[in-house]
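Beneath this line is the structure, given in structure tokens, with notes to follow.
No value in this document is a laboratory result; all are computed from the given coordinates. Keep in mind that this is a model prediction, so the values were computed, not measured. Cβ placement follows ideal geometry from the backbone for every residue including glycine, while neighbour counts extend to all protein chains displayed.
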Amino acid sequence: MLRDAIGRDWQCGTLQVDLNMPARLGAHYIDEHSQKQTPVMLHRAIFGSLERFFGILLEHYAGRLPTWLSPVHAVVMSITDRQHSYALETVEYLKNHGVLAVTDLRNEKVGFKIREHTLQRVPYLLVAGDREVAAHLLSVRTRNGNDLGAMSPELFAQRLAVELETRGRQSLED
């Protein structure tokens, strides 16, 4: 049994004994005394339990999966077209260092992009503006709205690697 965030109990994996279905199917085997015997059937439910488990997991975290479980760890956003190449280089670097990162190069206001990715529950939002490109840095925010300041892509990748290895027991915010 699993208990979700609001106290409900959910049965996930099941193994059930079925004495009826083998007889209805006409299934039988020959025992050691050369007599026909009806077998006992065991049913197990795995796929339904996996779906329930993921549903419970998403509900428990309200969609804010821990970084190590999140399908995207970080999104790199450019403010204008001038930062596109830096954002693409940064994402390539992060991907090469085990970070699940994507870019957002759309011609939208940065506040709109931040809000959109916060609603998508992306753990880290990395903003690249003219100052960040000149200094080879990224402005790092969490999905909770905490500003972690500017850091290099190398430092971000190192600190995120620690968070991923410790399964969130240490985070960038520590």
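The stretch 28-86 and the stretch 97-142 have their alpha-carbon centroids 29 Å apart. Once the Cα atoms of helix 84-96 and of the chain are each reduced to a long axis, what angle between those two axes, in degrees from 0 to 90 to the nearest 10, is obtained? For 84-96 against the chain, the angle is about 40 degrees.
Rank these for me by crowding, E116, E132, going from fewest to most other beta carbons within 10 Å. Least to most surrounded, the residues fall as E116, E132.
Rounded to the nearest 10 degrees, the angle from helix 110-119 to the longest Cα principal axis of the chain is 20 degrees.
Backbone phi angles across the stretch 20-29, fed through the Karplus curve with coefficients 6.51, -1.76 and 1.60 (θ = phi - 60°), yield HN-Hα couplings of 8, 4, x, 5, 5, 7, x, 6, 7, 9 Hz in residue order; Gly and Pro are listed as x.
Looking at the stretch 64-141 alone, DSSP beta bridges between its own residues are antiparallel in about 25 percent of cases.
Partners of K95 within straight-line reach, counting lysines whose Cα lies under 30 Å from its Cα and excluding those fewer than 8 residues away in the same chain: K109, K113. Loop-located chymotrypsin sites (Phe, Trp or Tyr not before Pro) across the stretch 1-62 with a Cβ neighbour count of 15 or fewer within 10 Å are Y61, with loop assigned by DSSP. Note on the chain: antiparallel DSSP beta bridges, both residues inside, total approximately 65 percent of the bridges counted. Dipole magnitude for the stretch 2-60: about 100 debye, using +1 per Lys or Arg Cβ and -1 per Asp or Glu Cβ, origin at the Cα centre.
Taking the C-alpha atoms only, the angle from helix 153-165 to the longest principal axis of the chain is near 20 degrees. Taking amide H atoms as placed 1.01 Å from N in the peptide plane, the amide H of I79 lies under 5 Å from those of A128, each 5 or more residues away in sequence or on another chain. For the chain, modelled as a GNM with alpha-carbon contacts under 10 angstrom, which of V40, V127, V162 fluctuates the most? Top of the fluctuation ranking is V40. Calculated from the structure at hand, Rg/Rh (Cα atoms, Kirkwood Rh) is found among (i) 1.04; (ii) 0.95; (iii) 1.29 as (iii).
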